[in-house]
Amino acid sequence: MPLHDKFGRAITDLRISITDRCNYKCVYCRTGNEGALYGDLPFEDYLRMARVLVGMGINKIRLTGGEPLLRKGVVEFVRELAGLRPGGPMPEPLDIALTTNGHMLAEMAQPLKDAGLTRVTVSMDAVDPDRFARITRVPNGYDHVLAGIRAARRAGLWPLKVNCVLMRGFNEDQIIPFGMFAREEGVTVRFIEFMPLEEGRTWAPSTVVTLDEILARMAEYRPLVEIPHARSETARRYRFEDGVGEIGIIAPVSHPFCGHCSRIRITSDGKIRTCLFSVWDHDLHAEMRRGASDEKLADFIQGVVQKKEERHHIGEPDFVPASRTMVHIGG
Ligand code: SAM
């Protein structure tokens, strides 16, 4: 019986941030300060948390950060995770995914695949090297990321998704170029609406490029056909009418999908977050330090999941900013 929250949502999807350091300083995420704020834990601690949660019905684990590929030992960690077996009468293999900026992916894609990684999502916010450098505030990153995407495809890390956060004034003119990129590279490009989770607190409704706007712009390039998507999937999916190329749109601001949310997160310092927009964390690692058994950890997690928020309040008068920004939560 999978873990359920008090609104009846099954919790099957776990995101673990394995560091809150990042080698990019994307304008919509960070102020430009270097370094970690919260630090990270030994892999064996995340592994124990993951083992307990897999025993409670989690069947998907996504590694994130900060930048997860900065963490030495990540390939071995993936191998250990791949050894976990979800329970139930007909257990499926665990789905292990990774979200990365792709800067170090070219060398690591094959070892990660061999270790048991199932799939990868690469963040990339422009298909033009100069614009890419302006957004990430890192010179020469574009070629590394493109090489990373191609290496992931060669290694069979599939489906391969490329996530682009659109922010007005920076990259809304990249919509059609990304449509072309999806077709040429054979990847799914997913546009994400900018959320108020950035360090600089620059978000305003007017900075969000919405789902409707993205669809209208892409339709000027080529007609799109909507593809049915699973209820718990965050992205609305579309293919081009001629069957070549797929795009997705993740629209938490203009079309919230909280009612189907199946996720919980563990931060790099071992706290559980039940929503990106939570105003508090739940210290799972403190329970471990106090010597809790696996059964006690499972009880703690059960209790925390019952506190999962019904929905976020972005854009509403009662919106309270999350207690952490995206890079320190794990997106
Ligand atoms: N470093 C990795 C990467 O770049 O994918 C993983 C961490 S990053 C925080 C995870 C995802 O969050 C990226 O796709 C990033 O673009 C997205 N993101 C960061 N800040 C965001 C914001 N304010 N709104 C929407 N998405 C955001």
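The values are calculated or read from the model by the stated rules, or taken from the named source; none is laboratory data. Worth saying up front: this structure is predicted, and the values here are computed from it rather than measured. No Cβ is skipped: glycine too gets one built from the backbone with ideal geometry, and neighbour counts run over all protein chains shown. Ligands, DNA and RNA are stripped out before the accessible areas are found, and what is left, the full protein with its side chains, is counted by its heavy atoms. Shrake-Rupley method; radii C 1.70, N 1.55, O 1.52, S 1.80 Å.
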Q: Scan the helices (runs of 4 or more DSSP H) fully inside the range 133-252 and keep the ones with 1 or more residues being open to solvent by 30 Å² or more (accessible area, probe 1.4 Å) and within 30 Å of residue 323 (Cα to Cα).
A: 211-221
Q | Odd one out for residue 280, checked against (1) open to solvent by 50 Å² or more (accessible area, probe 1.4 Å); (2) aromatic (Phe, Trp, Tyr); (3) modelled with pLDDT of 95 or more | A | (3)
Q. Residue check, residue 8 against (1) on the phi > 0 side of the Ramachandran plot; (2) open to solvent by 30 Å² or more (accessible area, probe 1.4 Å); (3) touching a residue at least 60 places away in the same chain (Cβ under 8 Å), all met but one. Which one?
A. (3)
Q) Are there any pairs with C-beta distances below 9 angstrom linking a residue in the range 66-80 that is touching a residue at least 24 places away in the same chain (Cβ under 8 Å) and closer than 16 Å to residue 30 by Cβ to a residue that is charged (D, E, K, R) and more than 12 Å from the ligand (Cβ to nearest atom), with the two at least 6 apart or on different chains, and if so which? A) 66/40
**Q.** In the range 313-331, residue nearest to the ligand (Cβ to nearest atom) [restricted to those that are in a loop (DSSP other than H, G, I, E, B) and in contact with a Leu (Cβ under 7 Å, 6 or more places away or on another chain)]
**A.** 325
Q. How about the range 38-51: which of its residues are open to solvent by 30 Å² or more (accessible area, probe 1.4 Å), within 23 Å of residue 105 (Cβ to Cβ) and not in a loop (DSSP other than H, G, I, E, B)?
A. 43, 47
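To keep it simple, each residue is scored yes or no on (1) closer than 30 Å to residue 134 by Cα; (2) open to solvent by 20 Å² or more (accessible area, probe 1.4 Å).
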| residue | (1), (2) |
| --- | --- |
| 33 | yes, yes |
| 36 | yes, yes |
| 53 | no, no |
| 56 | no, yes |
| 70 | yes, yes |
| 76 | no, yes |
| 92 | no, yes |
| 98 | yes, no |
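Here is a yes/no grid of residues against (1) closer than 24 Å to residue 5 by Cβ; (2) without any contact (Cβ under 8 Å) to a residue 40 or more places away in the chain; (3) basic (Lys, Arg):
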| position | (1), (2), (3) |
| --- | --- |
| 35 | no, yes, no |
| 59 | yes, no, no |
| 83 | no, yes, no |
| 92 | yes, yes, no |
Q. How many of the residues making up the range 69-112 are within 16 Å of the ligand (Cβ to nearest atom) and not in a loop (DSSP other than H, G, I, E, B)?
A. 15
